[in-house]
Each structure stands twice: as structure tokens, then as C-alpha cells.
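Notes to accompany the following structure.
The values are calculated or read from the model by the stated rules, or taken from the named source; none is laboratory data. Just so you know, these numbers come straight off a predicted model, no measurement behind them. Note: ideal-geometry Cβ built from the backbone for every residue, glycine included; neighbour counts use all protein chains shown.
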Amino acid sequence: HTGITMRAKDLVSSSQFYSLRLQPGAELIEQLRQFIQVNHIKAGWIASVVGSLSSVSLRYAGCEWTSLIEGKFEVIALGGTLDSQFEHLHMSVADETGRVIAGHVMSGNIVRTTLELIIGELCDVEFSRQHCVLSGYDELVITNKEG
């Protein structure tokens, strides 16, 4: 069992990109959800990010709780998938000493000076989530866009 549910040719899609700047005080997930809704993005991903946060809200691997820390943080990496109902994002940030922490992005990440994002969209497929009996979580499902 390879775990592959679609053939590679079924996953081919054209793409387009959006640029977005979040201003100081903006909350990351709230702004991404609004942007996805306004632009009707059905299958998106974070292509690039640079910026800083004053509050970082992450769930660490295997933990059930959210860790919220305050300070001055540089965003090192942000990656994941976006659809009209859900986002699955992981982020790495560095504090003022260069110490890096990372985890699953939760609500409560507040922009300090700027957060500059490039968001990619696959134009010919849609993302959704369905419960996976193997992982126990709602996991990504990719379908060809109708029409």
C-alpha cells in the first residue's frame, strides 16, 4: 500500500499567485481566512513569507494544548495548505536570541511590524478535509475542480 490515492496526471494543475501584506496588530489566521474567502481560493498554499510577530501561538508535536508566547519574533518559515473551510499550517520563528521554535499554527499569532506573504493557488483542483482512520485526524483530500 503506497498511500497514493490519485495518479500523478490527476494532480496536475495550473497555478496563480497572490501577494499580501499584513500590518502591525493583524492576526494571521483571521486575515488568511478573510483573504481566502474574498478571493474564492479552493486549493492554496503558502509559497513565501517574511516578517515578525509579537505573539506566537503554536501547538507543539503530539500536544493537546496551545502555547502562547509574547516577545519579538522573526518568522523563519510558514508552510501549509489552505482551502475555503480550513488551513493546515506549520511555522518556525526565532526569538531575540536566535532560538527557534516551531509547531502547528493556532489562532493568536499577532503581526509585530509586517508579515509579507505570497499565496499560491492551484486553479484546477480543490482541497477539502475528511476523517482518516489511519491518522485519526481530518486530512487533506484533493479533487479535480468541476467545470
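To keep it simple, each residue is scored yes or no on (1) touching a helix residue (DSSP H, G or I) at 6+ places or on another chain (Cβ under 7 Å); (2) at pLDDT 95 or above; (3) of a type outside the set (F, W, Y).
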residue: T2; (1), (2), (3): no, no, yes
residue: T5; (1), (2), (3): no, no, yes
residue: S19; (1), (2), (3): no, yes, yes
residue: Q23; (1), (2), (3): no, yes, yes
residue: I29; (1), (2), (3): no, yes, yes
residue: L32; (1), (2), (3): no, yes, yes
residue: F35; (1), (2), (3): no, yes, no
residue: V38; (1), (2), (3): no, yes, yes
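List every residue pair whose Cβ atoms sit under 6 Å apart, with the two residues 6 or more apart in sequence or on different chains, where the first one lies in the range 103-121 and is more than 19 Å from G71 (Cα to Cα) and the second, anywhere, is among the polar types (S, T, N, Q).
Final answer for the pair search is I118/S19; I118/S48; G120/S15; E121/Q16.
Of all residues in the range 110-147, how many are under 30 Å from V93 (Cβ atoms) and charged (D, E, K, R)?
Number satisfying all stated conditions: 6.
Right, E126: acidic (D, E) and either closer than 27 Å to W65 by Cβ or touching a residue at least 12 places away in the same chain (Cβ under 8 Å) (or both) or not? Reasoning before the result, please.
Details: acidic (D, E): yes; either closer than 27 Å to W65 by Cβ or touching a residue at least 12 places away in the same chain (Cβ under 8 Å) (or both): yes.
Criteria met by E126.
Could you list, in sequence order, all residues of the range 105-140 that are of a type outside the set (V, I, T), within 21 Å of G25 (Cβ to Cβ) and over 15 Å from the mean Cα position of the chain (by Cα)?
Within the range 105-140, R112 is the sole residue that qualifies.
When you go through (1) out of contact with any Pro (no Cβ under 7 Å at 6 or more places or on another chain); (2) farther than 30 Å from S14 by Cβ one by one for T113, which number turns out not to apply?
(1)
Pairs, please: C-beta under 6 Å, at least 6 apart or cross-chain, first residue under 26 Å from I119 (Cα atoms) and touching a residue at least 40 places away in the same chain (Cβ under 8 Å) and in the range 47-76, second of a type in the set (K, R) and part of a strand (DSSP E or B)?
Between residues of the range 47-76 that are under 26 Å from I119 (Cα atoms) and touching a residue at least 40 places away in the same chain (Cβ under 8 Å) and residues that are of a type in the set (K, R) and part of a strand (DSSP E or B), the close pairs are S52/R112; L53/R112; S54/R112; T66/R59.
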